[in-house]
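Novice: Below you'll find the structure I mean.
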Amino acid sequence: MASPRDIKKRIKGVKNIQQITRTMEMVAGAKLRRSQSAAQHARPYAEKINSMVHSLGKAAGNIQHPLLKDRPVKKIALAVLTSNKGLCGAFNGNILRKAEDNVLRHASKEYMLFCVGKKARDYFSRRGYKIKKSYMPSDRELELSLIIELVKDLSEGFEKGEYDQVDLIYSQFVSPMVQRPTSLTLIPFTKPSEEEAEQQQRKAEKDKKAAGDYLFEPEPEELMAELIPKYLESQVYNALAQTQAGEHAARLVAMKSASDNAKEVIHTLTLSYNKARQASITKEILEIVSGSEAIKAG
Amino acid sequence: MNEKEFQLEIITPQKVVYREDVVSVTAPGKEGYLGILANHAALLTSLKPGKIEIRKAGDLIPVTVRVQSGFLETSNNKVVVLVDKAEIEE
């Protein structure tokens, strides 16, 4: 059995760890609140731009745009969104696994990687994947400039024909306890899912008067060319906001369980410390008693 | 005063900057400034950086909002302005 002194040292060490995890838990909690509200505030913009693209697409009929073209998919660009920092449980691992699954599943197809966040870059470069470009978002705020750059790079490569599809892999923020790694096809535009189409229809019915005769200024095609990058930006912005909120939520949970574990460890260590202390006292008393017995006998 | 009002929303990716009932809006359209009153025809247009002037019922001095480029959609007596950045001038 370890000496009481060693155990005491370990207790002290675990207490220090607990202090750190507890602090990180609190910091993550505060950041979660902020990023969650940022994600929420981003929603009206995303919804409105979504409905604008829809009403433009519906009212103006067939619009030609390079980013709308469906091509046979041979090469895929993957944009993977992760956090910069670790210590948030399986959060980044889940996203990266999802990304790797996608790469492996399409083993016959070539891929190109765009990494957002330090974790994605480190992971893929360590495993020898070729990374086209990586981006480092700041942890403090959502930078519009970075998103604009990413969208520009992605759409330029698509227009040049470097790849035929762009997938975005990010973590969907379902609730503070649940983050779901999600893959989303960014370019070319996929038709809205049925649920979404239904929603749009219901909305359109609600303002029937508006449907149909829109005035466009400038021409619809020109307008679409301007609207699409903004639409993509808002999608990426939304994804990044959710990923960041998810990161903080995951860290909060991870740090909470770390603090709880530390508490448990301290409890068991304290028990064995008391036992060891008791044992040594008993041993000492025994020695004294047996010593005095020996003197008496002698 | 009995002026017709309509709802105006100015939204950036970060937040909803402005959401109120107004009487008239003047916005920097790509092909020139455009004024919007209630019951305007459905319209979708892009905006260039500039100032949006908003007049509310009973107010004589308009509210000015400085905006970056973006889009303006109006339908059903509702005007939605989507811009990268918007700042209400005091």
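Novice: Looking at B:S75, is it surrounded by 15 or more Cβ atoms within 10 Å (Cβ to Cβ) and either modelled with pLDDT under 90 or touching a Cys at 6+ places or on another chain (Cβ under 7 Å) (or both)?
Specialist: Yes: the conditions hold for B:S75.
Novice: With respect to A:R105, is the statement that it is at pLDDT 90 or above and surrounded by fewer than 18 Cβ atoms within 10 Å (Cβ to Cβ) true?
Specialist: It is false that A:R105 is at pLDDT 90 or above and surrounded by fewer than 18 Cβ atoms within 10 Å (Cβ to Cβ).
Novice: Based on what the data block shows, is A:P188 over 29 Å from A:K58 (Cα atoms), modelled with pLDDT under 90, surrounded by 13 or more Cβ atoms within 10 Å (Cβ to Cβ) and out of contact with any strand residue (DSSP E or B) (no Cβ under 6 Å at 6 or more places or on another chain)?
Specialist: Against the criterion (over 29 Å from A:K58 (Cα atoms), modelled with pLDDT under 90, surrounded by 13 or more Cβ atoms within 10 Å (Cβ to Cβ) and out of contact with any strand residue (DSSP E or B) (no Cβ under 6 Å at 6 or more places or on another chain)), A:P188 does not qualify.
Novice: With the condition kept exactly as written, say whether any residue in segment A:63-78 is without any contact (Cβ under 8 Å) to a residue 60 or more places away in the chain and either out of contact with any His (no Cβ under 7 Å at 6 or more places or on another chain) or within 30 Å of B:R19 (Cβ to Cβ) (or both).
Specialist: no
Novice: Kindly list the number of the only condition in (1) within 12 Å of chain A (Cβ to nearest Cβ); (2) under 19 Å from A:L144 (Cβ atoms); (3) not acidic (D, E) that fails for B:V67.
Specialist: In the conditions (1) within 12 Å of chain A (Cβ to nearest Cβ); (2) under 19 Å from A:L144 (Cβ atoms); (3) not acidic (D, E), B:V67 misses (1) alone.
Novice: Of everything in segment A:64-86 that's buried (at least 17 other Cβ atoms within 10 Å of the Cβ) and among the aliphatic types (A, V, I, L, M), which residue is farthest from A:N102 (Cα to Cα)?
Specialist: Among them, the one singled out is A:L67.
Novice: Also: Go through segment A:221-234 and count every residue that is touching a helix residue (DSSP H, G or I) at 6+ places or on another chain (Cβ under 7 Å) and more than 9 Å from chain B (Cβ to nearest Cβ).
Specialist: Matching residues across segment A:221-234 total 5.
Novice: Taking segment B:1-45 on its own, how many of its residues are among the β-branched types (V, I, T) and within 13 Å of another protein chain (Cβ to nearest Cβ)?
Specialist: Residues that pass the stated criteria total 7.
Novice: Hey, can you tell me all the residues within segment A:108-151 that are in a loop (DSSP other than H, G, I, E, B) and at pLDDT 90 or above?
Specialist: A:G117
Novice: Which condition number in (1) part of a strand (DSSP E or B); (2) closer than 24 Å to B:L43 by Cα is the one that A:V53 fails?
Specialist: (1)
Novice: Here is a follow-up. Applying the selection to segment A:261-298, what residues are loosely packed, with under 13 Cβ neighbours inside 10 Å, farther than 16 Å from A:A2 by Cβ and of a type outside the set (A, V, I, L, M)?
Specialist: A:E264, A:H267, A:T282, A:E284, A:E287, A:S290, A:G291, A:S292, A:E293, A:K296, A:G298
Novice: If I go through segment B:1-59 residue by residue, how many of them are in contact with a Gly (Cβ under 6 Å, 6 or more places away or on another chain) and either surrounded by 13 or more Cβ atoms within 10 Å (Cβ to Cβ) or not aliphatic (A, V, I, L, M) (or both)?
Specialist: 4
The values are calculated or read from the model by the stated rules, or taken from the named source; none is laboratory data. Predicted, not measured: the structure shown is a model, and the values here were computed from it. All Cβ positions, glycine included, derive from the backbone under ideal geometry; neighbour counts span all protein chains shown.
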